[in-house]
Ligand SMILES: [Ca+2]
């Protein structure tokens, strides 16, 4: 049976954004100069940034400062199609397939359970729909994600790299990878959502205002100023790092050397701000490396 998993509750935090557009323009200018990038990756120019938020939850503070070199990030989360190609080529058998079950949340109650037969092909189990090819792959463990990235000559991003990329060069407090509002400014009452989250009252009512009850096609909600899609909502994304307190952190290279669970970033379609505001740039969740969950995927990174 699959090991226990943790899904961290995410209360609402109030965050303030300033100067986002200027920082974004700087990033875009630097990225545009790179002509030899892999088509599926984005150059994230290095620099300094704050990590965490003093207005966030306990594990988002104290904030600390990092200095990062240039690095590359996948433009989108890894899709079901890309993962299928990897499986076909490598013969990889996922953790969920070996265990015979994976974690599924029951809509209406919010109760998590291990669903027999759930895996990356059928995230909700064999009675559910097969995973669409252009959606982010889910029901993959940290070990599966690591294996995929390694096969592409890539690696999982560190937690610091993930947040740095989500901030698009913005060092101050910032709400989301796309700015400071979930709804595109000026579009009321058109209600143009910028991320796939939970709309309504979790876990009882999902109004589906953003169009999706579970995952959505990668890139459906556009790109962040850094050129990345789905850096808020859709699926949480595995990072390379063990989860731990920020207390004593002094830079990008002193993440915990051991732990019991790996950090996930970005929030998911299950996040409703009053319960789980996980799609903020500084928000963190974590699960044991062998956990496979219906709302967790990943993307890869590479040294520049
Ligand atoms: Ca949704």
| request: Give, as residue ranges, the strands (runs of 3 or more DSSP E) completely inside the stretch 15-89 that count at least 3 residues that are under 30 Å from residue 120 (Cβ atoms), at pLDDT 95 or above and touching a strand residue (DSSP E or B) at 6+ places or on another chain (Cβ under 9 Å). | output: 41-44, 71-74
| residue 263: in contact (Cβ under 8 Å) with a residue 12 or more places away in the chain, in a strand (DSSP E or B) and buried (at least 24 other Cβ atoms within 10 Å of the Cβ), yes or no? | yes
| Got at least one residue in the stretch 179-196 being in contact (Cβ under 8 Å) with a residue 12 or more places away in the chain, assigned to a strand (DSSP E or B) and either within 16 Å of the ligand (Cβ to nearest atom) or farther than 25 Å from residue 55 by Cα (or both)? | yes
| Is at least one residue of the stretch 285-296 over 24 Å from residue 115 (Cβ atoms) and at pLDDT 95 or above? | no
| remark: Of the candidates 274, 247, 255, the one satisfying the condition of being touching a helix residue (DSSP H, G or I) at 6+ places or on another chain (Cβ under 7 Å) and more than 29 Å from residue 80 (Cα to Cα) is 255
| field | Count - residues of the stretch 199-236 that are buried (at least 17 other Cβ atoms within 10 Å of the Cβ), near the ligand (Cβ under 9 Å from one of its atoms) and either at positive phi or over 15 Å from the mean Cα position of the chain (by Cα) (or both) | value | 6
| field | Among (1) more than 16 Å from the ligand (Cβ to nearest atom); (2) farther than 22 Å from residue 154 by Cβ; (3) out of contact with any strand residue (DSSP E or B) (no Cβ under 6 Å at 6 or more places or on another chain) - the single one residue 251 does not satisfy | value | (3)
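The values are calculated or read from the model by the stated rules, or taken from the named source; none is laboratory data. Only a predicted model underlies this, so the values are computations on that prediction, with no experimental measurement involved. For neighbour counting, all protein chains shown are included, and Cβ atoms are generated from backbone atoms with ideal geometry for every residue, glycine included.
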